[in-house]
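**Q** What follows is a structure written as structure tokens; I'll ask about it next.
What follows is calculated from the coordinates using simple rules that are stated; it is not laboratory data. From a predicted model like this one, the values you see are computed outputs, not experimental measurements. Here the Cβ is made from the backbone with ideal geometry for all residues, glycine too, and neighbour counts use every protein chain on show.
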Amino acid sequence: MKTLSHIIIAPLVIMLLAGQTNAETLNSVWADGYTNSGLLAQNRALLRAADEDVVIALAALRPIVEWRGEVDAENSVLTDDVSLTAAPTLSTEVTLLDGGANRLRVQIQRDTVRAVGAVLMGVDLDVLLRATTSYFDVLEARQLVALETRNVALLRQELAGAQARFDVGEVTRTDISITEARVATAISQQAAAQGDLTLATEAFRLDVGRPPGIIDQVTADMQPDLAYPPRGRGLEQALRDHPAVLEATYRLAAADGSIALAQTALSPTTTLRGEFSFDQDTQPGGLLRLRSTGPIYSGGALASGVRRAYALRGEAAAILRIILQDVQRQVNFAYIDLDVAIAELNAARVQVDATNIAFDSIREEARLGSRMQLDVLDAAQELRVAETDLIIAQIDVMRARVGILHATGLLSADFLDLPVERYELGAASRAAPQAPNATSPQGRALDRILQR
């Protein structure tokens, strides 16, 4: 006689064989979710904008060259003659001394770009985790639908058997009614499981960018190890290289630069300006002007700006401490979640084995007349609950393994070696260290980066 666990084997074999040709894998889900993510595209655009802030800051270190054209029209009252005078001018200006303010602005923008790049790395983590969650949700929902379908079939089989025994006077109408009620409940549970699968499938389509394919019926033992580090090394890795830690570190560096920048406001500024102009009535001529300015009294605004920069630096340092604590907590919780999931999986396996034996025994005893029909139905329900717990526990172990990669900051395209196009962080600012104009080779290279 087939039990519920025996009925499971055939659909598993069919799904595994069918999955050989078009099987969904975590790698394919990760790659498609990464490639199709609108959130990644948004944050890459923000990073490109931050890149250009570096280029703009670099431009302040270079001379500024401008042209100016003036045309004067003069009308004579006596002769009604109109005379035109044109005076084109070419000027250039360069900052000679500013206390290092412009160079500090460049460094602050570079640290800001690194911080925005770390934000993008964090978005990578979240996008891949979301795709993973959708994958496991669909896998779990499909297994639970299959389980509920098999449970309906089993209870209908029990109903047919009870009806046959009722026809020969072995059971009462009450036994038939109880079994019919259990069948109706099982059909309702099957419909609910099918609804959960529909929702999981739609979430998968949104998170990965396509509908799910055939997902192999895998167990935690069959799932390959995702090469997560041991707990101590994982914590060390996270505290050093987690995107949130990197972002806070770069924000702190930018705050340090802001203090120095605020202090430069107390220094003199010296600029050199040259002009060359000519008109039709005078000889061409030039002007060279050296200008130096510095603060004497500002009503306390400059000193207040320095104090404000120190206060913001204190905030950035506090944020870094908070982030380090949060990352440490997340990493520790992730490893604990895996330990708990493994323990629950082992208990679920024991539970399934025990309830399987109990169901077989109670079913046989009912045939011999020593058990009631209600005892068989209760045993079938306990077996269904145990099988459900086992499915959830198997997938929870896989979720916990991926959770460790996410908590340690290793759930990335580089670490997972995904077949996707990598995005180079800070590409624009490194491609244009000299702040090129639009027609230069470097400028055209930046345009290509933006267009791509």
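**Q** With every atom except the alpha carbons ignored, what do you get for Rg and Dmax of the stretch 137-198, in angstroms?
**A** 14.3, 47
**Q** Using a simple spin-label model with points 7 Å from Cα along the Cα→Cβ vector, what separation in nm is obtained for ASP378 and ARG349?
**A** According to this spin-label approximation, the distance is 3.0 nm.
**Q** Here's a follow-up. Quote the Stokes-Einstein diffusion coefficient, in whole µm² s⁻¹, for the stretch 118-163, based on the Kirkwood radius over alpha carbon pairs, a temperature of 37 °C and a viscosity of 0.692 mPa s.
**A** Working: Rh = 13.4 Å.
D, rounded to a whole number, is 246 µm²/s.
**Q** While we're here: Please report the Cα spread of the stretch 255-307 along all three principal axes, rounded to whole Å, starting with the longest.
**A** Largest first, the stretch 255-307 extends 56, 24, 13 Å along its Cα principal axes.
**Q** Another one. What are the semi-axes of the equivalent ellipsoid for the stretch 387-427, taken as the square roots of 5 times the Cα gyration tensor eigenvalues, largest first, in whole Å?
**A** 31, 11, 6
**Q** Based on C-alpha coordinates, I'd like the Rg and Dmax of the stretch 275-414, in Å.
**A** Rg then Dmax for the stretch 275-414, in Å: 37.6, 126.
**Q** What percent does the relative contact order of the stretch 82-218 come to when contacts are Cα pairs within less than 8 Å and at least six residues apart?
**A** Values: 71 pairs, mean separation 41.6, N = 137.
The value is 30 percent.
**Q** Once you have the alpha carbon radius of gyration of the stretch 105-209, what is it after dividing by 2.2 N^0.38 Å, with N set to its residue count?
**A** Working it through for the stretch 105-209, the quotient is 2.01.
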